[in-house]
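A short write-up of the structure that comes next.
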Amino acid sequence: MKQDMDLEKYAQQVRQGKNAAALEKLASTEEGVKLAAQVDGERLTQAAQQGDMQALANMLKGILSTPEGKSFAAQVEKAVRDGQ
């Protein structure tokens, strides 16, 4: 399926990108771990594989509606922008 290939290609680019280490570091922080625990990984994977953008958007909105999610998103944005 083309969407699966596109998602995998994007994931590979993120893993190999200049900001990969910074993003991995953020994901392993206490805040990152807590936010990840709030996400249903199986549901996320299924939505991504099926290209269900509405489900993905709803999950993201749920995370970003919290102060912790907003703070974490700002940190991710900074890491991507600055490579830190």
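Points to keep in mind about this one:
- Criterion violated by GLY32 - all others in (1) part of a loop (DSSP other than H, G, I, E, B); (2) in contact with a Phe, Trp or Tyr (Cβ under 9 Å, 6 or more places away or on another chain); (3) not aliphatic (A, V, I, L, M) satisfied: (1)
- Search result, residues across segment 37-84 that are part of a loop (DSSP other than H, G, I, E, B) and hydrophobic (A, V, I, L, M, F, W, C): VAL39
- The set of residues in segment 30-84 that are over 24 Å from LYS9 (Cα atoms), exposed (fewer than 14 other Cβ atoms within 10 Å of the Cβ) and touching a residue at least 40 places away in the same chain (Cβ under 8 Å) contains only SER71.
- Within segment 20-75, the residues that satisfy the criterion of being over 13 Å from the mean Cα position of the chain (by Cα) and of a type in the set (Val, Ile, Thr) are THR29, THR66.
Each value in this text was obtained by applying a stated rule to the coordinates, not by laboratory testing. Keep in mind that what you see is a predicted model, and the values were worked out from it rather than measured. Ideal geometry is used to build each Cβ from the backbone, glycine not excepted, and the neighbour counts take in all protein chains shown.
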